[in-house]
Amino acid sequence: MKAASFDLAYPVDLAEATALLARADSRALAGGQSLGPMLNFRLVRPSLLVPIAGLAALRGVEETAQSVTIGACVTHAAIADGLVPDIGLNVLARVAEGIAYRAVRNRGTIGGSLCHADPAADWPTTLTALGADALTSRGRRIPMQNFIRGAFQTALQPGELLVAVAVPKLGAGARWGYVKACRKPGEFAHAMAAVLIDGAVRRAVIGATGGAPQMVGDAMPGGLPGVVLARALAEAG
Amino acid sequence: MTVNGAGVTASVEPRTHLADFLRESMLLTGTHLGCEHGVCGACTVLIDGAPARACIAFAAACDGVFVTTIEGLEDDPVMARLRAAFTAEHALQCGYCTPGMLVTARDIVLRLPDADEARVRLELAGNLCRCTGYVGIVRAILRVLAEAPAPDVVAPQPLPRATFALPVAEPVVPVLPGGEVLAQRLRIAAPLAAVWAAVQNPALIAECVPGARLTLQDGPNIAGDLALALGPMKARFAGRAEVTFGPGHLAQVRGEGRDALSGTRLTADATVALQADRDATVMELQVRYSLRGPLAQFARSAVVAAFAAEIAETVGKNLAARLTGTAPPVARRMGLGRLVLSVVRRWLFSLLS
């Protein structure tokens, strides 16, 4: 199908982008790999699309001793290709490599995936397990657990843009497991779970639910709720 | 933008996707359209040198990019080897997927010179072929990989270094586990004492819920069934619940049910709180529920919320009518066309927000 009519307004900088996105019925267009299909299916019919993938303020990376901060419009392919500094165990590249297909990874962005907040997407679950924070255009630093509020719902306000994601580096001896169940490589997962064991931090997160990723707890669960979580735990060792 | 090396300036509707622009305006019909939602890979072209779906990129959003279609790769040395290998290995029949397959195959040869069969198959997962069974395509790509080393590829551009402000993080307020939460607030035109008495009478409540039937009442335990219809989806949940009453006009209902037809399971935990509002009563209803099984695939949370809002409104009206002695409104069965329209509209809006 073809998308319904919409207007397109190119912002020159972040300030203009947020001003445009404060308009009713507007929608940011990052890589468009989820929004594009939904527009073509006419499941979404915004009156205004604001392409943000070209904004320099959203494309950089910063590495400090504690964390790696990734601009919202950095693509999955760039992360998979190791262009983003490693937080440890090559975790980010391993997650990015498993997202959809290469042609989709070349365009799709980490920030776009988070803001779209499809429960079956990879980043909402894995970045929740990694304890990442969302940095917004209003100067807010929102823990990932607060950021994803439900299926296709985030904590962003109208006119507020996700600028970057700050991911804490892993400590020595950290262990990580991430498993998703797909009938075919690249399709949306039917079930997924991520496990991080890093010093005092022990997190298990279940994704691809009907809502936000579910944190099992900062303690290892006594029982294993499901075979996917069990496999993620096994992978983490 | 630049298409196959030539600069192109055009005025297009924002909704025109890149593949339509290439085919209809540039007459580059080598780019094929299959699914038009980014799954089949037939429309794969190079955008700034990297494979991308032309059907979900909008032409107007491709300002300034470099597009290379299958036509633009005619003289590409890797593509020449791939064409020969596709011919030798019988890697095409109808040819519909072939342009997209070739663009992806070229990316595999250039980016993964050490790929084995498993890796080639994995990389091809985003390009669907309905004729060949992929065997010939995989063989053709492996043949090119084995023939000679690929020419040196330009390494990907490093990302620019940036500095981001890192303020103090907001305190964690996790979304509660255990399913979806649904909150309803109803104003019932009857005094608190009467509504409280009604709430403690499951038989009366059941009469006010369209499609509900009470089959057992034994102390705090009740059993019954509830018929629901949502568009083409119909269900009859049979189950049991435990109802407890606390001080402060608070009632708690814990129950579970199953739809025999679809095998869908529903568990719910509801709190009902009453408060006087002059001559009327405000009822606050909070339900935490989870659906498991086939119906859960379609009954997305926003759909259920809209549906439940309609039911609650009807229950409130019926209850008020019973308590004030007026004739109850028509106890219409839930799930008529009117309802489906409003539900679908709300669902679509919720996807937007």
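A few points about this structure:
- Flag set for B:Val65, criterion: farther than 23 Å from A:Gly186 by Cα, more than 30 Å from the chain's Cα centre (by Cα), surrounded by 15 or more Cβ atoms within 10 Å (Cβ to Cβ) and in the same structural domain as B:Leu18 (by TED's automatic domain parsing).
- Checking B:Gly5, B:Gly41 one by one, the residue that is more than 17 Å from A:Leu39 (Cβ to Cβ), touching a residue at least 60 places away in the same chain (Cβ under 8 Å), surrounded by fewer than 20 Cβ atoms within 10 Å (Cβ to Cβ) and not assigned by TED's automatic domain parsing to the domain that holds B:Val135 is B:Gly5 and no other.
- Segment A:12-47: number of residues that are away from chain B (no Cβ under 11 Å), part of a loop (DSSP other than H, G, I, E, B) and either crowded, with 21+ Cβ neighbours inside 10 Å or free of Cβ contacts under 8 Å to residues at least 24 places away in the same chain (or both): 1
- Taken over segment A:160-208, residues that are more than 14 Å from chain B (Cβ to nearest Cβ), over 30 Å from B:Arg292 (Cβ atoms) and of a type in the set (Gly, Ala, Ser) amount to 6.
- Test: residue in segment B:63-84 that is free of Cβ contacts under 8 Å to residues at least 24 places away in the same chain, away from chain A (no Cβ under 14 Å), of a type in the set (Lys, Arg) and part of a helix (DSSP H, G or I): yes
- Screening the candidates B:Cys55, B:Cys35 for the property of being out of contact with any Phe, Trp or Tyr (no Cβ under 8 Å at 6 or more places or on another chain), at pLDDT below 95 and in the same structural domain as B:Ser11 (by TED's automatic domain parsing) yields one hit, B:Cys35.
- Residues in segment B:118-141 that are within 11 Å of another protein chain (Cβ to nearest Cβ), outside any helix (DSSP H, G or I) and surrounded by 21 or more Cβ atoms within 10 Å (Cβ to Cβ): B:Asn127 alone.
- Flag for B:Glu13 being over 20 Å from A:Ala53 (Cα atoms) and assigned to a loop (DSSP other than H, G, I, E, B): no
- Helices (runs of 4 or more DSSP H) contained in segment B:262-353 and holding at least 1 residues more than 14 Å from every other protein chain (Cβ to nearest Cβ) and modelled with pLDDT under 55: B:337-352
- Filtered by the rule that a residue be within 16 Å of B:Arg23 (Cβ to Cβ) and within 7 Å of chain A (Cβ to nearest Cβ), segment B:42-51 gives a lone residue, B:Thr44.
- Listed here are the strands (runs of 3 or more DSSP E) enclosed by segment A:91-156 that have at least 3 residues being within 12 Å of another protein chain (Cβ to nearest Cβ) and touching a Lys or Arg at 6+ places or on another chain (Cβ under 9 Å): A:133-136.
- Note on segment A:1-11: residues that are out of contact with any Pro (no Cβ under 7 Å at 6 or more places or on another chain) and either more than 15 Å from A:Ser137 (Cβ to Cβ) or facing another protein chain (nearest Cβ under 8 Å) (or both) total 6.
- Within segment B:163-202, the set of residues being within 9 Å of chain A (Cβ to nearest Cβ), modelled with pLDDT of 75 or more and within 34 Å of the chain's Cα centre (by Cα) comprises B:Phe164, B:Ala165, B:Leu166, B:Pro167, B:Val168, B:Ala169, B:Glu170, B:Pro171, B:Val172.
- Number of residues in segment B:14-38 that are surrounded by fewer than 22 Cβ atoms within 10 Å (Cβ to Cβ) and either closer than 13 Å to B:Gly100 by Cβ or more than 10 Å from chain A (Cβ to nearest Cβ) (or both): the value is 12.
- Some residue of segment A:60-79 being without any contact (Cβ under 8 Å) to a residue 40 or more places away in the chain, in contact with an Asp or Glu (Cβ under 9 Å, 6 or more places away or on another chain), more than 9 Å from chain B (Cβ to nearest Cβ) and not in a helix (DSSP H, G or I): no
The values are calculated or read from the model by the stated rules, or taken from the named source; none is laboratory data. Quick caveat, the model's predicted, so the values are computed rather than measured. With ideal geometry, Cβ positions are generated from the backbone for all residues, glycine too; neighbour counts draw on all protein chains shown.
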